[in-house]
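Single-structure report; data block below.
Derivation of every value follows stated rules applied to the coordinates shown; laboratory data play no part. The structure displayed is predicted, hence computed values, not measured ones. No Cβ is skipped: glycine too gets one built from the backbone with ideal geometry, and neighbour counts run over all protein chains shown.
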Amino acid sequence: MIETICDIGKIVRKTDGEIDLVDLWQKEESGDYQLILDVNISDDSVRINSRDFEKKVFRDGLLYSQGNWFVGAVLKKESLKDSKIKDCLKFIDVPLDRFDEVKSLIDSSLKDYDGVNFVILFWKNGQKPIEIVKNKFLREIEKNGLKKEKLSGNCQICNEYTDTLYDSIVYKCYTNDKEIFSNTDGISYGICKDCIFDVLYGRKHVNMFLSTWWGGSEILFLPHTYNEEVKEIFEFSKIGDLREGKNLLQQIRENECDVINEIGKCGTDVDILFYSAQKSEWKITYNIKDVIPSRFSKIAELEHKYQSKSGENLALWQVLAYLLGNSSKPSEIFNTNEAKNFLKNIFHGNKINRNLFFSRSMSKYKHDYFEGYENMFMLHRTYNFLVDCGCLDKGWCFVEQTSRGYSMVKYEDLEEFFDFNKGFFDSNIKKAWFLLGRLYGKMIQESKSYKGGEDKQSNESHLEKNFFFGRKYDFKTFVYFSNQCSELMYKYGVQNKGYLKDLISTSKELMGAGDSKLSSDEAKYIFFWGMQQWIGKSKDSNNNNDGADQ
């Protein structure tokens, strides 16, 4: 990681030119401040004035703090202590015998700003700290921040000999390759000035353009090769509302498919690093290494292929919700290691346990079903997406590409349906469960017609009660549902309808003695699929089994 960030820094320095070490070193300060209190200390007086807050006050005051180390002449309201005030005075070379005078004036002024959040900037003789002690700040940074040492040796990154080594790799926390740069004779790390500056440039660039908040996690995208073309892709987004001026990764939550597609155009492997950020440090918690560019392109293509009927692209959080079997929100989906493992499988095309998928996905479908989302459209999208990703086997023809994009595949009859999808229906038991599902769906319609007539299809049938979800979908359940449908055919007087007779006889014939095995959850998926799948030459708008988008 450190070498990658160093390489990124080299490109940034080459293309953007050199910038001030003050800007390289300082971090973005957080806080909702309203005012700046300017404390101007001259040779014969101390004056305090207020003005509206602006972020550049931290640069003007040369502020930097990490742990117990503090340098600068800016104090936030919450850090207003005597010891800190003295540190600020010493930093701008004001004698400490002026402390009581300064402190007294500050205390007397604070009552006017009760309830106001502010920062204090210390001036000397009408000059800001950056105008009078900038070199002092830079010396402090080199000494205490970058740990400049009077030691010579070979740089651990570029291997060039140098008279002055820096005992730092800039990052004060855990990274996944920190051990590589340890155990240098006499110091912890040994980096030359050029490389330490490259890492500083790289760190600033990574924080601005290669990191984002996605699915409830802080994430870095680190391309293995960085050049001007890759830099431009991440810096200048060509998607979304261009007037907003967002960079590429800032668009990922609203335009995931387009962002992933752009990353695929980088032409280099990319590491996806999850990290936890705290006040003074962060650490990598998970790493998806070496994702090849074609995988990004493939995932983006499939997200578009399996878009909703309204044209909204499929998103990875929706896929993961079915793999996890819960209703996680988009803002928290990547929070668990299991979710990250599934994401790694998707980005690398690794196999996912089939039985686990159907167990989890049918658990989520059950929840959605009783929340009023009976349609399996989202589940079908997820399943076929994972098949096309290489994570599952045995896909089926759910959508097809046309001159206008992708559309739902239409089937004229059952024979065509099974023939087109023989890769999935590779056993008679699968066909049997599908046909039983179709029969069960038809009997629900017959039940509603029997009770209230064709104009009262909204009446709930007892066949739709909770019990049909809780059953184990095995041979015993198959026989029970078959017998139930057979009895109801006579009750409703529809025993002579040819398509019903064909469904029940063919499904029983295909099931046979129940010797073939199929996981209960996959059988349940096929059963409900059979209930909903539209097969026919035309679609009656009053009898739409596809339902609405989720």
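Per-residue counts of other Cβ atoms within 10 Å, averaged by peptide: what ranking do you get for 290-301, 35-46, highest first?
Output ranking for 290-301, 35-46: 290-301, 35-46.
Loop-only GluC sites (Glu not before Pro) in region 386-446, please: DSSP not H, G, I, E or B, and at most 11 other Cβ atoms within 10 Å.
Listed in order of number, the matching sites are 412.
Multiplying the sequence separation of residue 495 and residue 108 by 0.36 nm and subtracting their Cα-Cα distance, what value in nm do you get?
129.8 nm
Relative to the longest principal axis of the C-alpha atoms of the chain, give the angle of the C-alpha long axis of helix 82-91, reported between 0 and 90° and rounded to the nearest 10°.
Helix 82-91 sits roughly 70 degrees off the main axis of the chain.
How high is the relative contact order of region 35-145, given as a whole-number percent (alpha carbon pairs under 8 Å, six or more residues apart)?
37
Using only Cα atoms, find the angle between the long axis of helix 498-511 and the longest principal axis of the chain, and express it within 0 to 90 degrees, rounded to the nearest 10.
70
Looking at the chain only, what percent of DSSP beta bridges run antiparallel? Nearest 5 please.
If I count the DSSP bridges inside the chain, around 85 percent turn out antiparallel.
Radius of gyration and Dmax for region 35-145's Cα atoms, expressed in Å?
13.2, 40
Round to the nearest 0.05 the FRET efficiency obtained for residue 337 and residue 224 when R0 = 22 Å and r is the Cβ-Cβ distance.
0.35
Beyond a 25 Å Cα-Cα separation, which of these cross-linked pairs lie in this structure: 134/283; 90/143; 431/476; 77/204?
Going by Cα-Cα distance, 134/283; 77/204 fall outside the 25 Å limit.
Over what distance in Å are the Cα centres of region 467-527 and region 15-82 separated?
75
How much mean residue ellipticity at 222 nm does the chain get from its helices, if each DSSP H run of length 4 or more adds -39500 (n - 2.57) and you divide by all residues, to the nearest 500 deg cm²/dmol?
-12500 deg cm²/dmol
Go ahead and collect, in residue order, the members of region 328-345 whose backbone nitrogen is under 18 Å from a label point 7 Å along the Cα-Cβ direction of residue 399.
Counting only backbone N, you get no residues.
Between helix 475-491 and the chain, what is the angle of the helix's C-alpha long axis to the longest principal axis, kept within 0 to 90° and rounded to the nearest 10?
50
Relative contact order (percent) for the chain, with alpha-carbon contacts under 8 angstrom and 6 or more residues of separation?
This gives 10 percent for the chain.
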